[in-house]
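Quick notes on the structure that follows.
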């Protein structure tokens with residue numbers, strides 16, 4: 001047998017290498033198990049028994065109390081034994097772990113890794129030889145054939161033989177990879193038994209890194225992160241170009257804070273749209289929601305008597321205290337936006353109208369009403385004191401960011417910790433199955449639209465305060481594309497039922513940073529829409545590649 005083959009361990013040789021480790025650690029494990037019988041094991045058994053007795057309908061209240069009282073007495077004794085044995089058990093565990101640290105890699109794991117590497121090299125060599133042989137046989141067979149049909153058949157057979165060889169090769173490589181991974185994991189299996197599933201942070205990190213390498217797939221990695229990588233590369237390029245073209249730096253603390261400040265109101269809008277995309281829908285009326293809310297909020301918080309008219313009437317809210325006007329504006333914005341989203345949600349849930357249509361109708365109605373009502377006139381500025389009251393700056397830090405953080409935290413809780421959130425994922429994934437399982441699809445859909453309306457109103461109100469008014473029906477044009485793009489870039493699937501809040505946050509920050517950077521570089525606003533469109537197209541294409549094929 002040559003040297004290369006000798007480097008490959010047989011299953012028996014692997015077991016013989018592992019035997020001394022199993023024997024040593026197994027002996028310590030037996031001592032620990034013996035110490036745990038009347039201590040830890042007894043505590044777990046009694047605790048479980050008491051829980052079962054509490055739920056047992058065959059016992060009356062007096063019988064339950066008697067059994068539980070007896071168990072508690074036994075539990076106290078078991079805990080005393082557990083405490084008495086704690087130091088000795090810890091000493092034994094430390095001895096076993098120290099032995100594993102000193103011997104496991106050197107005596108077993110490193111040799112398995114070397115064996116797997118040698119076996120992989122030999123398998124690669126065998127595979128190349130097989131492909132060469134298949135090619136030789138194919139060329140020899142082609143040389144004998146003259147009929148085009150037979151030549152075509154031979155080429156088809158050749159491709160199938162190549163495919164079979166590739167499957168066999170991949171299966172062998174996976175077996176080698178599995179063996180190496182199993183050798184790594186066995187050490188932590190022993191520690192798991194010793195410590196009853198308790199690992200140190202370092203041990204957890206090593207296991208996580210190993211699991212990541214074991215499950216890593218290049219194609220899936222680029223499908224998941226390819227768009228992020230491209231956008232980050234574009235942003236890096238912009239950071240390089242900014243000093244050359246505009247003689248300014250992009251990555252400054254002031255610019256970062258400006259990006260976060262601009263992203264904060266948009267975060268509310270993206271969170272609202274994200275919930276609808278999670279239901280396999282969308283919302284085209286976001287920009288018009290912002291424009292309508294900006295008009296109403298500016299009108300209520302206006303500095304002095306309004307200079308613009310709404311449906312021909314000039315309003316004066318100056319008699320109301322400023323703080324009351326602030327919250328009145330918030331209430332009005334949320335009521336108006338929620339009313340419109342609920343209308344769209346009702347038609348979507350009740351009549352199965354696609355959200356694209358119902359929200360497009362909202363978009364047209366709201367823009368038409370506001371443009372007609374205001375005659376396209378801007379309402380000017382709000383009271384100067386309001387931004388300092390609601391979103392003051394602490395040093396250079398804009399506290400509007402904290403409003404966005406609170407919204408993200410609340411929506412994270414709703415999506416991940418409530419029945420509504422679980423139902424939204426279920427309805428988005430398969431509404432028919434969700435309905436059969438007892439979920440009220442109509443209620444879930446309408447609630448998601450209502451939540452989106454509240455978020456739109458809140459975000460537009462914050463934007464009004466951030467911009468110190470400037471209420472105009474045309475404000476917010478194109479914001480719906482930014483919100484949708486942020487969601488799809490953040491991994492909210494248009495297929496429904498897939499996505500995370502943290503993805504929306506990343507998407508909003510990416511788009512806001514990109515828009516801000518392009519503006520600093522002097523790129524025309526209209527061309528910025530081109531960038532948004534290309535990113536949306538790329539994101540949805542990747543989304544389809546990831547999920548539609550699975551479905």
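The values are calculated or read from the model by the stated rules, or taken from the named source; none is laboratory data. None of the values given here were measured: they were computed from a predicted structure. Counting neighbours? That spans all protein chains shown, and the Cβs are built from the backbone with ideal geometry, glycine included.
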**Prompt:** Among the residues of the range 231-251, is there at least one that is surrounded by 12 or more Cβ atoms within 10 Å (Cβ to Cβ), touching a strand residue (DSSP E or B) at 6+ places or on another chain (Cβ under 7 Å) and either part of a helix (DSSP H, G or I) or not assigned by TED's automatic domain parsing to the domain that holds residue 508 (or both)?
**Reply:** no
Residue count, the range 46-92, condition surrounded by 15 or more Cβ atoms within 10 Å (Cβ to Cβ) and not in a helix (DSSP H, G or I), comes to 1
The number of residues in the range 340-355 that are in contact (Cβ under 8 Å) with a residue 12 or more places away in the chain and loosely packed, with under 13 Cβ neighbours inside 10 Å is 1
Of the candidates 275, 281, the one satisfying the condition of being assigned to a helix (DSSP H, G or I), crowded, with 21+ Cβ neighbours inside 10 Å and either touching a helix residue (DSSP H, G or I) at 6+ places or on another chain (Cβ under 7 Å) or modelled with pLDDT of 95 or more (or both) is 275
| said: Take the conditions assigned by TED's automatic domain parsing to the domain that holds residue 404, in contact (Cβ under 8 Å) with a residue 40 or more places away in the chain and closer than 16 Å to residue 454 by Cα and apply them to residue 281. Does it pass? | reply: no
Within the range 193-213, the count of residues that are surrounded by 14 or more Cβ atoms within 10 Å (Cβ to Cβ) and in a helix (DSSP H, G or I) comes to 7
When restricted to 95, 128, the only residue part of a helix (DSSP H, G or I), surrounded by fewer than 12 Cβ atoms within 10 Å (Cβ to Cβ) and modelled with pLDDT of 95 or more is 128
The number of residues in the range 1-41 that are free of Cβ contacts under 8 Å to residues at least 40 places away in the same chain and within 19 Å of residue 80 (Cα to Cα) is 4
Scanning the range 372-400 for residues that are in contact with a helix residue (DSSP H, G or I) (Cβ under 9 Å, 6 or more places away or on another chain), assigned to a helix (DSSP H, G or I) and either without any contact (Cβ under 8 Å) to a residue 24 or more places away in the chain or surrounded by 14 or more Cβ atoms within 10 Å (Cβ to Cβ) (or both) gives 373, 374, 386, 387, 390, 400
Quick count over the range 59-104, residues being closer than 30 Å to residue 15 by Cα and free of Cβ contacts under 8 Å to residues at least 12 places away in the same chain, is 6
Determine whether the range 405-424 contains at least one residue that is exposed (fewer than 12 other Cβ atoms within 10 Å of the Cβ), farther than 20 Å from residue 274 by Cβ and free of Cβ contacts under 8 Å to residues at least 60 places away in the same chain.
no
